[in-house]
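The values are calculated or read from the model by the stated rules, or taken from the named source; none is laboratory data. All values reported here derive from a predicted model rather than from experimental measurement. When we count neighbours, we look across all protein chains shown, and the Cβ atoms used for this are built from the backbone with ideal geometry, even at glycine. With ligands, DNA and RNA removed, areas are computed over all heavy atoms of the protein, side chains included. Shrake-Rupley method; radii C 1.70, N 1.55, O 1.52, S 1.80 Å.
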Amino acid sequence: MANEMPVPKKSLGQHWLQDEASLDAMLEAAEISLTDTVLEIGSGPGSLTEQLVHSAKQVVAVEFDEVLARQLPKRVAADNLTVVQQDILRFDLTSLPSDYKVVANIPYYLTSKLLRVLCESPNHFSKAAILLQKEVAQRVAAKAGGMGLLSVSVQFYCQTSLGPVIPAEMFTPPPKVDSQILKLSYRQTPLFPDVDSKLFFRVVKAGFAQRRKTILNSLGGGLHLDREQTTALLEAANISPMTRAQD
């Protein structure tokens, strides 16, 4: 791999991670094996790509930055590497074999949209290791009492856990906050097999729309139900109308 590092672009939220232990932790979190096809999102200069091509059967690296995408095959010369220069939100996930795995180091602004696209794809991944801002990773993996729309949305599809914290100084340039590896394992059987997912998320979004209000007020407003209807539904579900959504 070429030694000269490209200059990270602030406009794209680029922060390069080259620490060997941290890169190893990403592979371990995604449980990469020599039989796997791996989707790498945001390959950057290829530090993680270099590890992946030796650990997986096939690597598909999707990089938005045109210059980085063009340089990557020269920086990481491998027969099992395919580089795609594209916005990951527009990438056709159905082009990948089933049960592919995902590794990604993504900027904050992309987090919610990307997690939704990955989780809702008809061709879903089996396991993923995603490097996020520490606070965001912990928010996605939150338990009852601390959950929000993002954590419910991801945990509907995946089992979540947290990997190691990666200190800011491990990146070039260092971001303002530490990062953490979020581990996702796609559920083999649906969490709620008999629930209409569109209706489920309509209720969830209504519940979290006004977080400071009680579930009675937020659901009633979000679903356009009067107070009596909402109260009756909550009581039928054995939920106190005075509870807040995160609880």
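Starting from the Kirkwood Rh over alpha-carbon pairs, what translational D in µm² s⁻¹ does region 89-153 have by Stokes-Einstein at 37 °C and 0.692 mPa s?
Numbers: Rh = 12.7 Å.
Rounded, D is 258 µm²/s.
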Problem set entry | Cα-based Rg and Dmax for region 105-189, where Dmax is the largest Cα-Cα distance (Å) | 12.8, 41
For this session: Based on the mean of other Cβ atoms within 10 Å per residue, sort peptides 148-155, 31-38, 46-53 so the most packed one is first.
Result: 46-53, 148-155, 31-38
Seminar exercise, completed: Sorted by chain and then number, the residues having a modelled amide H within less than 5 Å of the amide H of Ala78, at least 5 places away or on another chain, are none
Seminar exercise, completed: For the chain, the longest principal axis of the Cα atoms and the Cα long axis of helix 111-120 enclose an angle in degrees, to the nearest 10, of 80
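Quick one: net charge around Glu40, please, counting Lys, Arg +1 and Asp, Glu -1 for every other residue with C-beta under 12 Å from its C-beta.
Details: positive: Lys101; negative: Asp36, Glu50, Glu63.
Residues near Glu40 contribute -2 overall.
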Problem set entry | Cross-link partners of Lys183 among lysines (Cα-Cα below 23 Å; sequence separation of 8 or more within a chain) | Lys57, Lys101, Lys113, Lys127, Lys134, Lys143
Problem set entry | From phi via Karplus (6.51, -1.76, 1.60), per-residue ³J(HN,Hα) for region 73-85 in Hz, x at Gly/Pro | x, 7, 6, 10, 8, 8, 5, 9, 10, 10, 10, 10, 8
Exercise. Once a ≥ b ≥ c are taken as the square roots of the eigenvalues of the Cα gyration tensor of region 42-103, is the result rounded (a/c under 1.5), prolate (a/b larger than b/c) or oblate (a/b not larger than b/c)?
Worked result: oblate
Problem set entry | Cα centroid separation, region 151-217 to region 57-78 (Å) | 29
Seminar exercise, completed: Diffing region 180-191: the Karplus 3J(HN,Hα) column from phi (6.51, -1.76, 1.60, θ = phi - 60°), in whole Hz with x for Gly and Pro, holds 8, 7, 9, 9, 10, 10, 5, 5, 5, 10, x, 4
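Compute the Cα gyration tensor for region 20-133, then decide on rounded, prolate or oblate, letting a ≥ b ≥ c be the square roots of its eigenvalues: rounded whenever a/c is under 1.5, prolate when a/b is larger than b/c in the other cases, and oblate in all that remain.
On the way: a/c = 1.26, a/b = 1.13, b/c = 1.12.
Verdict is rounded for region 20-133.
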For this session: Please calculate the 1.4 Å probe accessible area of Arg116, with all protein chains present, and give it to the nearest 10 Å².
Result: 120
Seminar exercise, completed: Listed by chain and number, the residues whose amide H is under 5 Å from that of Arg187, excluding neighbours fewer than 5 places away on the same chain and using placed H, are Cys158, Gln159
Seminar exercise, completed: Residue span Ser161 to Arg116: 0.36 nm per residue of separation minus Cα-Cα distance leaves a gain in nm of 14.5 nm
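Tell me the per residue accessible area of region 169-227 using a 1.4 Å probe; a whole number in Å² is fine.
With the other protein chains kept in place, region 169-227 gives 66 Å² per residue.
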Exercise. Once the Cβ-Cβ distance between Val203 and Thr94 is put in as r, and R0 is 22 Å, what FRET efficiency do you end up with, to the nearest 0.05?
Worked result: 0.15
Problem set entry | Carbon/sulfur fraction of accessible area - the chain, other protein chains in place, 1.4 Å, % | 52
Seminar exercise, completed: Here region 193-202 yields Karplus 3J(HN,Hα) values (6.51, -1.76, 1.60; θ = phi - 60°; whole Hz; Gly and Pro given as x) of x, 9, 9, 5, 5, 5, 5, 4, 6, 5
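How many Å³ per residue does the convex hull of the Cα positions in the chain occupy? Could the numbers behind the result be given before it?
Values: hull volume 32.4 nm³, N = 247.
Hull volume normalised by residue count: 131 Å³.
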